[in-house]
Amino acid sequence: MTQGKECSQESNHWFGEEIPPGTSRNVSLAVGESYSGMTLQIQIHIRRAAAEGPILFVTAALHGDEINGCGAIRHIIQDNSLQLERGTLLLVPVLNLPAFDRHSRYLPDRRDLNRSFPGDAKGSLASRMAHTIFHELVTHCDYGIDLHTAAVRRTNYPTVRGDLSNPDVKKLAHAFGTEIILNTKGPRNSFRREACKAGCPTIIMEGGEVWKLEPVIVETAVRGIKNVLRDLRMISDPTEHPRYQITLEHSKWIRAEHGGFLDFHIRPGDIVEKNQPLATNTTILGEPQGTLLAPFNGVVIGMSSLPAVSPGEPVCNLGKLPSQYNPAKLKTLRTTDESLEQRVLDELGTSVLVIEPSTES
Ligand SMILES: [Zn+2]
């Protein structure tokens, strides 16, 4: 970064261990106790360069069932060719250990850890855990990347989300290098929103589905982490960027109007024009009972992977394209392209059956 925030003084002591510059260590952070009284310890890989520099955390499985990011972080940890030239990298493949152990989004007290920050040392189970993570990890870091997927029964085209009114978040978001960036602050008490408030600019990446390591999503996350490291001048590897980047200010969940079975007309990541058919709701026997149309020019940033819906259930999350973008022109940029983005589109498209809309009115 040419002109970023002031970076913290790096400490040689992390989570009770001495980790001198130029060394790497696996450490653990106790965040609670299990029902059988075992100490719950988050596993953290710390890598320090010989030279001073920014302190960056990368976390995954804050929602315990969202494990694509675990794959990306494990890949970075095992990548001995990654030469850290300055600063400190904290890699946390599984942040929400009790939820991960249950293959669940939620903690055993049914709370969402990602709505519990900055936490309270005397509060609920979720709040205590959030407090420990926040004070032992986040407040010692200069920047953060948190990796997520869509919730159950949905999939997401990879997007970075962040509060772009914060110039450091904006730089991180562009550096990460997804095609689509969503300008959002994040829910109240979410990890990234509170981290930003506490002076640690943090972005999230959303991509793919729960309970899976999807190769193209893992690859997108690895590329993004390396792009950020390069931008912070922590490594000198070349960056890889998408063919274009678009920042979206608004998105809208398009919801089913009838109970029934959806014929999808779009795939995750598709660019659509206003009034383009998104999905036709049919009876179990296949009789059409209404087609959902795009209310604006947009990008399919998320969609249901389960075609059976009731009224009000989400069908697709459409990001609104700013008026300066011509959807037809953007689509032409995607043809005969062997980029990672094209492979993501092709791969995510295999999880939905796309049927051409009927031309009959
Ligand atoms: Zn999540």
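The values are calculated or read from the model by the stated rules, or taken from the named source; none is laboratory data. Predicted model, so just to flag it, every value in this text is computed and none were measured. Positions of Cβ are generated from backbone atoms using ideal geometry, with glycine treated the same way; all protein chains shown enter the neighbour counts. Quick note on the areas: whole protein, heavy atoms, side chains included, nothing else; ligands and nucleic acids left out. Shrake-Rupley method; radii C 1.70, N 1.55, O 1.52, S 1.80 Å.
Using a 7 Å offset from the Cα along the Cα-to-Cβ direction at both residue 328 and residue 213, what is the distance between the two label points in nm, to one decimal?
For residue 328 paired with residue 213, the spin-label model returns 4.5 nm.
Report the antiparallel proportion of the DSSP beta bridges in region 13-231 as a percent, rounded to a multiple of 5.
50
Considering only protein heavy atoms, what per residue accessible area in square angstrom results for the chain with a 1.4 angstrom probe?
Here the residues of the chain average 45 Å² of exposed surface.
Going by amide H atoms built from the backbone, whose H comes under 5 Å of the H on residue 255, apart from near neighbours?
315
Mind ranking 48-58, 310-320 by how tightly packed they are, going by the mean number of other C-beta atoms within 10 angstrom, highest first?
Result, highest mean first: 48-58, 310-320.
Please work out whether region 46-101 counts as rounded, prolate or oblate from its C-alpha gyration tensor, where a ≥ b ≥ c are the square roots of the eigenvalues and a/c under 1.5 means rounded, while otherwise a/b larger than b/c means prolate and anything else oblate?
Prolate, since a/c reaches 1.5 and a/b exceeds b/c.
With everything on Cα atoms, drop me the angle between helix 125-136 and the longest principal axis of the chain, reported from 0 to 90° to the nearest 10.
60
What is region 109-176 by shape, rounded, prolate or oblate, if you read a ≥ b ≥ c off the alpha carbon gyration tensor as root eigenvalues and call it rounded for a/c under 1.5, prolate for a/b larger than b/c, and oblate otherwise?
It comes out oblate by the Cα gyration axes.
Going toward the positive end of the dipole of the chain, with +1 on Lys and Arg Cβ and -1 on Asp and Glu Cβ, which of 130, 30, 301 do you reach last?
130
Cut-off under 22 Å on the C-alpha distance; same-chain residues fewer than 8 positions from residue 122 excluded. Which lysines are left, in chain and number order?
Excluding near neighbours in sequence, the set is 197.
Of the accessible area of the chain, with the probe set at 1.4 angstrom, what percent is carbon plus sulfur?
That fraction is 48 percent.
Once the Cα atoms of helix 68-78 and of the chain are each reduced to a long axis, what angle between those two axes, in degrees from 0 to 90 to the nearest 10, is obtained?
That helix lies at roughly 40 degrees to the long axis.
Under a point-charge model restricted to the Cβ atoms of Lys and Arg (+1) and Asp and Glu (-1), what is the dipole moment magnitude of region 311-361 relative to its Cα centre, in debye to the nearest 20?
Roughly 300 debye for region 311-361.
Starting with the highest mean, order 221-229, 142-150 by the number of other Cβ atoms within 10 Å, averaged over the residues of each peptide.
Highest to lowest by the protection proxy: 142-150, 221-229.
Taking the full set of protein chains and a 1.4 angstrom probe, give the accessible area of residue 284 in square angstrom, rounded to the nearest 10.
140
Classify the chain as rounded, prolate or oblate from the Cα gyration tensor: take a ≥ b ≥ c as the square roots of its eigenvalues, call it rounded if a/c is under 1.5, otherwise prolate when a/b beats b/c and oblate if not.
It is prolate, given that a/c is not under 1.5 and a/b is the larger ratio.
For region 297-360 and region 31-86, compute the distance between their C-alpha centroids and round to whole Å.
32
If packing is taken as the average count of other Cβ atoms within 10 Å, what order do 298-309, 235-246, 338-349 fall into, highest mean first?
Those peptides, ordered most packed to least, come out 298-309, 338-349, 235-246.
Cα centroid distance between region 145-168 and region 250-264, in Å?
Using only Cα atoms, the two centres lie 21 Å from each other.
Using a simple charge model, +1 on the beta-carbon of Lys and Arg, -1 on the beta-carbon of Asp and Glu, nothing else, what dipole does the chain show about its Cα centre, in debye to the nearest 20?
680
Could you bin all the Cα-Cα distances of region 250-351 into 5 Å bins starting at 0 and give me the percent of pairs in each, rounded to whole numbers?
2, 13, 23, 22, 19, 11, 6, 2, 0
For region 156-280, what relative contact order do you get, as a whole percent, if you take Cα pairs closer than 8 Å and at least 6 residues apart?
28
Please give the helix 167-176 orientation as an angle from the longest Cα principal axis of the chain, in degrees from 0 to 90, rounded to the nearest 10.
So the inclination is approximately 70 degrees.
Note down the magnitude of the dipole of region 86-169 about its Cα centre, charges +1 on Lys and Arg C-beta and -1 on Asp and Glu C-beta and zero elsewhere, to the nearest 20 debye.
With Lys and Arg at +1 and Asp and Glu at -1, about 420 debye.
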